[in-house]
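The values are calculated or read from the model by the stated rules, or taken from the named source; none is laboratory data. Because the structure is a prediction, the values reported are computed rather than measured. So basically every Cβ, Gly included, is an ideal-geometry build from the backbone, and we count neighbours across all protein chains shown. In case anyone asks, the SASA skips ligands and DNA or RNA and just uses the protein heavy atoms, side chains included. Shrake-Rupley method; radii C 1.70, N 1.55, O 1.52, S 1.80 Å.
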Amino acid sequence: MTVSDRRREISDLLLQKGKVKVGDLARRFQVSTETIRKDLLELEAQGFIKKNKGSAEVLVETSASAYSRKSEKFIETKKKIAREAARLIPSHSVIFIDAGSTNYQLARQLIMRKDIIVVTNFTPIAELMNANEIKVILIGGEIRQVSGATTGMLAAYCIDHVHADLAFLGTSGFLDSSGPCVENFPEADVKRRMLQNAAKSYVLADSSKASTKAIVKYAEWSEITGLLTDDQLDCRVMESLEKEVNVITVNTEEKE
């Protein structure tokens, strides 16, 4: 594990737990406590944490850290999908990141990427990027109560005036559909516009989404560059999807 990877994971743990002990981190990463102290000093210099004697804590409670703790369903699978997605992002990219728990995990993978510009309609992602000094553009609009995503005419206007290299999109499910779906038309419109204004687009979805139905389809699979999912997808579903879209799977059995 590289130094930057270790510091990113330390940041992830702090976002989840709020506070961690130096000794616990040293044991987790199998390094000396002095090495961990150096990591924490660097993160403190970035303004992300406050280092105390023997521990460290997040400077402020944000909706990003709160959202992180609330979105634990299939969390390990989502993290693996997010790591794979992060590998697809070249240096100096402009990227759309849609709302949703797997996309939030992707954002967490990018907190050391000072070379990118993130454009998002999800406040927790915007706060996370801003806290880590990643250039971020928060799309305006009406915030939907259930999903926390911004939608509407202002969101559409903002997206239509950005050209991105990649778009990372979420889905509520795609059972019995020829493309990714969501629960309502306003969010479908945002996703559709992100797709249209990006050179490449990827849907991030754990395998449970294949057995979940949502009512509004925002794209055909053939319009999507790739689907990132996990290896628990039903074989027949996988065969059907591979005829329409490039499917990239992560190994759920692989140890961290």
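Scanning the range 192-209 for residues that are open to solvent by 30 Å² or more (accessible area, probe 1.4 Å), closer than 14 Å to Asp165 by Cα and not polar (S, T, N, Q) returns Arg193, Ala199, Lys200. Residues satisfying the criterion are absent from the range 27-44 (criterion: at pLDDT 90 or above, buried (at least 18 other Cβ atoms within 10 Å of the Cβ) and either within 22 Å of Ser207 (Cα to Cα) or charged (D, E, K, R) (or both)). Would you mind stating whether Lys114 is part of a loop (DSSP other than H, G, I, E, B) and open to solvent by 20 Å² or more (accessible area, probe 1.4 Å)? Criteria met by Lys114.
Looking across Ser147, Ser222, one residue alone is assigned to a loop (DSSP other than H, G, I, E, B), small (Gly, Ala, Ser) and surrounded by fewer than 23 Cβ atoms within 10 Å (Cβ to Cβ). It is Ser147. As a summary of the residue check, Gln196 satisfies the conditions (1) in contact with a strand residue (DSSP E or B) (Cβ under 7 Å, 6 or more places away or on another chain); (2) free of Cβ contacts under 8 Å to residues at least 12 places away in the same chain except for the one numbered (1).
Let's see how each residue does on (1) surrounded by 20 or more Cβ atoms within 10 Å (Cβ to Cβ); (2) aliphatic (A, V, I, L, M); (3) without any contact (Cβ under 8 Å) to a residue 60 or more places away in the chain:
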residue	(1), (2), (3)
Tyr157	no, no, yes
Phe168	yes, no, no
Ser178	no, no, no
Ala188	yes, yes, yes
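Can you find a residue that is of a type outside the set (Lys, Arg), open to solvent by 40 Å² or more (accessible area, probe 1.4 Å) and at pLDDT 85 or above anywhere in the range 50-59? Checked against the condition, which is being of a type outside the set (Lys, Arg), open to solvent by 40 Å² or more (accessible area, probe 1.4 Å) and at pLDDT 85 or above, the range 50-59 yields no hits at all.
I'm checking my understanding of the structure. Among residues of the range 124-136 that are surrounded by 19 or more Cβ atoms within 10 Å (Cβ to Cβ) and not hydrophobic (A, V, I, L, M, F, W, C), which one is nearest to Val3 (Cα to Cα)? Looking at residues that are surrounded by 19 or more Cβ atoms within 10 Å (Cβ to Cβ) and not hydrophobic (A, V, I, L, M, F, W, C), I get Asn132. Scanning the range 191-219 for residues that are touching a Phe, Trp or Tyr at 6+ places or on another chain (Cβ under 8 Å) and assigned to a helix (DSSP H, G or I) returns Lys191, Arg192, Met194, Leu195, Ser208, Lys209, Ala210.
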